[in-house]
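Engineer: Starting off with a structure, shown below.
The values are calculated or read from the model by the stated rules, or taken from the named source; none is laboratory data. Since we're looking at a predicted model, the values are computed, not measured. For neighbour counting, all protein chains shown are included, and Cβ atoms are generated from backbone atoms with ideal geometry for every residue, glycine included.
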Amino acid sequence: MSGDVVIGGLFDIHIYYKTEAFNFSSPPHLQARKISMLLEDFYNFLSLVFAVDEINLNPNILPNVTLGYNVYDSYVDLFRTIQGAVRIYSGNTKQYPNYNCDKYGVLAAVIEGMASSFSIQYANIFGIYKYPQLNKYIKKVNFTNPLGQHIFFSDGEISVGYDIYNVIHYPDWTINSQRVGSFDSHAPQGKQIILNTSAIVWENKFTNIPRSVCSDVCQPGTRKSVREGQLVCCYDCLPCPEGQISNKTDVDVCIECPEDKWPNEQKRVCIEKVLAFLSYEDPIGVVLTFIAILFALLSAVILVIFIRNRHTPIVKANNRDLSYLILVSLMLSCLCCLIFIERPERITCFLRQAIFGITFAISVSSLLAKTLIVVIAFNATKPGKNLRKWVGAKVPKYIVFTSSTIQMFICIIWVFVIPPNIYYNKQSEVSRIIVECDKTSAFAFYIILGYLCILASVCFIVAFFARKLPDTFNDAKLITFSMLVFFSVWAFFIPTYLSAKGTSTVAVEVFAILASSSGMLCSIFAPKCYIILVKPQTNRRNFVLKGTL
């Protein structure tokens, strides 16, 4: 490879020539032309000259290649910047876009040292022709400048600091510069820039220190939003979106908080999310607790009434032991709702569904047994029917035991196959973590509820066909109505439960348990208590024999 290679450059160097282009490889009499420049800019020129000379004098660096350079001044003007860029490519004092008329050598690369707003336009032009910018190679620089300073880059930062100068332009076209501060990138945060503002001389048109932006500083908790159609220095300060913070001033993008944290009220720091669950301190928790205790006490009171009147016909009818069992199971169903309130644990996640499922299975199977007793007793009196052996106390016990055992096996299989656990729901609510039982508990609940619905369906069908059998104390009508209440409650529960979020899901489940329990309690035992307490004269054997109440 041989030939002349040219490096083109454009800088904010404030150099004033009689010509706009200056070639350092030109004859000495041209080099002696008077140049007015800042001392720092002159050092930049010396560094460039020194580097090119070193490369040209050392045959081992670029053998058979001679470097040259053309340097243009941007005059801190966007038009002059674009004009200089085109001239570097054209190789002529006149601009010929897309034509290269340079007769001194091939343009190899370009360098620039301007403000970012000018540098972008400069890069856009040379990006069309695929010319590399040498700025990225500058990070590999390691040399000693004419002042004896060792210049190199460390982690993208230059090894030396900078002096800040106030450049003063006088009416007679002379320039003066005065040191007003310094910058050191390796100094502690907040002490990198040292500036003596009182030493800065502003133009007469500025009564105060001019601002670089037309907006106030965006405080922590907000972000900058550039106004449409205006410069980037004009922006609005918008609050950070939900779940995000900003802990510095004038940030462009807010920071997302982790899943287990949430912004404070000012959206400046991320704080721990509150653990939420249905508790006795919540208003809904207080109401549900009151209702659960109320119906549990009501079941206990009715049980006491039935025990005290256990020898009366209305209590003895249809197996009083089953009535006792139903009342106890309904009381436990109401009390099990208290386990749903307060923070869930692994054991409580199991007990919630297990106690509810087993107690309800006892209640519904007992109602089924009461209905079957009426059907069997009525058909046993018909000629040719050999059903007398089924009339007795053993059949209801078998029905209740078998039905309840099946529900118990479902719960045992659940514990051993997919045991319940605690789940910290961080997605349901943005500002709180919901502590709840995991999805296996919900799956097991649906299986338990499904079995109860099958049991209730059988009970409803038998009670419906037995409702008109001639019996003074036939409970079939009351049982039919109680099963309708049961189906209505859980039919409304399913869509409501699926649409609820957070602690509302637990509240909906508790409400459904209380509603179905109280519905069964009132449907079956309210008419009996009315007769026992209000019309005791009808609760006698002679009224039963007459077939009237």
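Engineer: Is there a residue in region 375-397 that is surrounded by 13 or more Cβ atoms within 10 Å (Cβ to Cβ) and either closer than 20 Å to residue 514 by Cα or at pLDDT 90 or above (or both)?
Structural biologist: Within region 375-397, not a single residue is surrounded by 13 or more Cβ atoms within 10 Å (Cβ to Cβ) and either closer than 20 Å to residue 514 by Cα or at pLDDT 90 or above (or both).
Engineer: Right, next: Yes or no: region 178-185 includes at least one residue that is in a loop (DSSP other than H, G, I, E, B) and not aromatic (Phe, Trp, Tyr).
Structural biologist: Initially, region 178-185 is screened for residues in a loop (DSSP other than H, G, I, E, B), giving 184-185.
Going one step further and asking which of them are not aromatic (Phe, Trp, Tyr), we end up with 184-185.
Taking every residue of region 178-185 in turn, at least one turns out to be in a loop (DSSP other than H, G, I, E, B) and not aromatic (Phe, Trp, Tyr).
Engineer: Shifting gears a bit: Could you please find all residues in region 276-305 being of a type in the set (Phe, Trp, Tyr), over 30 Å from residue 430 (Cβ atoms) and surrounded by fewer than 17 Cβ atoms within 10 Å (Cβ to Cβ)? Walk me through it before giving the result.
Structural biologist: Kept after step one, since they are of a type in the set (Phe, Trp, Tyr), are these residues of region 276-305: 277, 280, 290, 295.
Keeping just the survivors that are over 30 Å from residue 430 (Cβ atoms) gives 290, 295.
The answer is 290, and nothing else.
Engineer: Taking residue 273, is it charged (D, E, K, R) and surrounded by 17 or more Cβ atoms within 10 Å (Cβ to Cβ)? Write out each step before concluding.
Structural biologist: Values: charged (D, E, K, R): yes; surrounded by 17 or more Cβ atoms within 10 Å (Cβ to Cβ): yes.
Judged against the criteria, residue 273 is a match.
Engineer: Of the numbered conditions (1) part of a helix (DSSP H, G or I); (2) of a type in the set (Val, Ile, Thr); (3) buried (at least 16 other Cβ atoms within 10 Å of the Cβ), residue 461 satisfies every one except a single condition; which is it?
Structural biologist: Here residue 461 clears every test but (3).
Engineer: Continuing with this model, one more query. Please pick out the residue among 496, 503, 538 that is in contact with a Phe, Trp or Tyr (Cβ under 7 Å, 6 or more places away or on another chain), modelled with pLDDT under 90 and in the same structural domain as residue 351 (by TED's automatic domain parsing).
Structural biologist: None of the others qualify; the one that does is 503.
Residue-by-condition table, conditions (1) part of a helix (DSSP H, G or I); (2) within 29 Å of the chain's Cα centre (by Cα); (3) of a type in the set (Asp, Glu):
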site: 494; (1), (2), (3): yes, yes, no
site: 502; (1), (2), (3): no, yes, no
site: 507; (1), (2), (3): yes, yes, no
site: 512; (1), (2), (3): yes, no, no
site: 515; (1), (2), (3): yes, no, no
site: 518; (1), (2), (3): yes, no, no
site: 522; (1), (2), (3): yes, no, no
site: 528; (1), (2), (3): yes, no, no
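Engineer: I need a count of the residues in region 241-261 that are in contact with an Asp or Glu (Cβ under 8 Å, 6 or more places away or on another chain) and surrounded by 13 or more Cβ atoms within 10 Å (Cβ to Cβ).
Structural biologist: Looking only at that region, the number is 3.
Engineer: Checking the condition modelled with pLDDT of 85 or more and out of contact with any Ser or Thr (no Cβ under 6 Å at 6 or more places or on another chain), which residue from 355, 326 passes?
Structural biologist: 355 is the lone residue from the list that is modelled with pLDDT of 85 or more and out of contact with any Ser or Thr (no Cβ under 6 Å at 6 or more places or on another chain).
Engineer: I'd like the full set of residues that are more than 30 Å from residue 255 (Cβ to Cβ) and either of a type outside the set (S, T, N, Q) or modelled with pLDDT under 80 (or both), limited to region 195-226.
Structural biologist: Listed by number, the residues that qualify are 199, 200, 201, 202, 203, 204, 205, 206, 207, 208, 209, 210.
Engineer: Filter region 174-192 down to residues that are under 49 Å from the mean Cα position of the chain (by Cα) and surrounded by fewer than 13 Cβ atoms within 10 Å (Cβ to Cβ), then give me how many there are. Lay out the reasoning, then the answer.
Structural biologist: To start, the set of residues in region 174-192 that are under 49 Å from the mean Cα position of the chain (by Cα) comprises 180-192.
Now restrict to residues that are surrounded by fewer than 13 Cβ atoms within 10 Å (Cβ to Cβ): 186, 188-191.
Matching residues across region 174-192 total 5.
Engineer: Filter region 302-348 down to the residues that are touching a Leu at 6+ places or on another chain (Cβ under 7 Å) and in a loop (DSSP other than H, G, I, E, B) and list them by number.
Structural biologist: 341
Engineer: Also, I was wondering about something else. When the residues of region 488-524 are narrowed to those that are touching a Ser or Thr at 6+ places or on another chain (Cβ under 8 Å) and among the aromatic types (Phe, Trp, Tyr), which ends up nearest to residue 371 (Cα to Cα)?
Structural biologist: Ranking the qualifying residues of region 488-524, first place goes to 490.
Quick grid of which residues meet (1) surrounded by fewer than 21 Cβ atoms within 10 Å (Cβ to Cβ); (2) touching a residue at least 24 places away in the same chain (Cβ under 8 Å):
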{"site": "475", "(1), (2)": "no, yes"}
{"site": "481", "(1), (2)": "yes, yes"}
{"site": "484", "(1), (2)": "yes, yes"}
{"site": "491", "(1), (2)": "yes, no"}
{"site": "496", "(1), (2)": "yes, no"}
{"site": "500", "(1), (2)": "yes, no"}
{"site": "503", "(1), (2)": "no, yes"}
{"site": "509", "(1), (2)": "no, yes"}
{"site": "514", "(1), (2)": "yes, yes"}
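Engineer: List the strands (runs of 3 or more DSSP E) inside region 205-280, counting only whole elements, that have at least 3 residues being within 30 Å of residue 501 (Cβ to Cβ), of a type in the set (D, E, K, R) and out of contact with any strand residue (DSSP E or B) (no Cβ under 9 Å at 6 or more places or on another chain).
Structural biologist: Hits in region 205-280: none.
Engineer: While we're here: Exactly one condition in (1) part of a helix (DSSP H, G or I); (2) surrounded by fewer than 20 Cβ atoms within 10 Å (Cβ to Cβ); (3) among the acidic types (Asp, Glu) is not met by residue 429; state its number.
Structural biologist: (1)
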